[in-house]
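Input: a single structure, listed below in structure tokens.
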Amino acid sequence: MKNENIPENTKSKSIKEIKDEINQILEKLESEKTNLSDSMNDYARLISLNKHIDTLFKKRNKEISFIGKKTK
């Protein structure tokens with residue numbers, strides 16, 4: 001996933017903040033009171049957040065692997 005597609009306001013968030021925002025968006029999308037235009041914008045934001053959290057997990061995985069190799 002390319003970092004340049006992730007907005008700066010998303011890059012600065014922690015995993016917990018991203019998780020909380022994802023949960024808020026999912027609740028909103030599941031609501032019967034949402035309209036199509038808002039849903040499309042929320043879905044796009046959800047995809048952006050997902051890309052960023054995937055990047056963070058991959059980065060942490062590399063760090064953990066490096067530490068594991070270093071301690072052997």
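The values are calculated or read from the model by the stated rules, or taken from the named source; none is laboratory data. As the structure is a computational prediction, the values presented were derived from the model and not from experiment. Counting neighbours? That spans all protein chains shown, and the Cβs are built from the backbone with ideal geometry, glycine included. Surface areas here come from the heavy atoms of the whole protein model, side chains and all, with no ligands, DNA or RNA. Shrake-Rupley method; radii C 1.70, N 1.55, O 1.52, S 1.80 Å.
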- Message: So if the hydrodynamic radius of the chain is defined as the Kirkwood radius over C-alpha pairs, what does Stokes-Einstein give as its diffusion coefficient at 37 °C and 0.692 mPa s, in µm² per second?
- Response: 239 µm²/s
- Item | For the range 30-72, convex hull of alpha carbons as volume per residue, Å³ | 51 Å³
- What accessible area per residue, rounded to a whole number of Å², is obtained for the chain using a probe radius of 1.4 Å? 82 Å²
- Query: Taking the Cα atoms only, what angle lies between the long axis of helix 15-30 and the longest principal axis of the chain, rounded to 10 degrees?
  - Reply: 30 degrees
- Message: Ignoring everything except DSSP H segments at least 4 long, calculate the 222 nm mean residue ellipticity for the chain; use -39,500 (n - 2.57) per segment, divide by total residues, nearest 500.
- Response: -26500 deg cm²/dmol
- Message: Could you work out what % of the accessible surface of the chain is carbon and sulfur, using a 1.4 angstrom probe and leaving DNA, RNA and ligands out of the count?
- Response: 54 percent
- Message: Less than 15 Å Cβ to Cβ from Thr34, Lys/Arg counted +1 and Asp/Glu -1: what total charge do the surrounding residues give?
- Response: -2
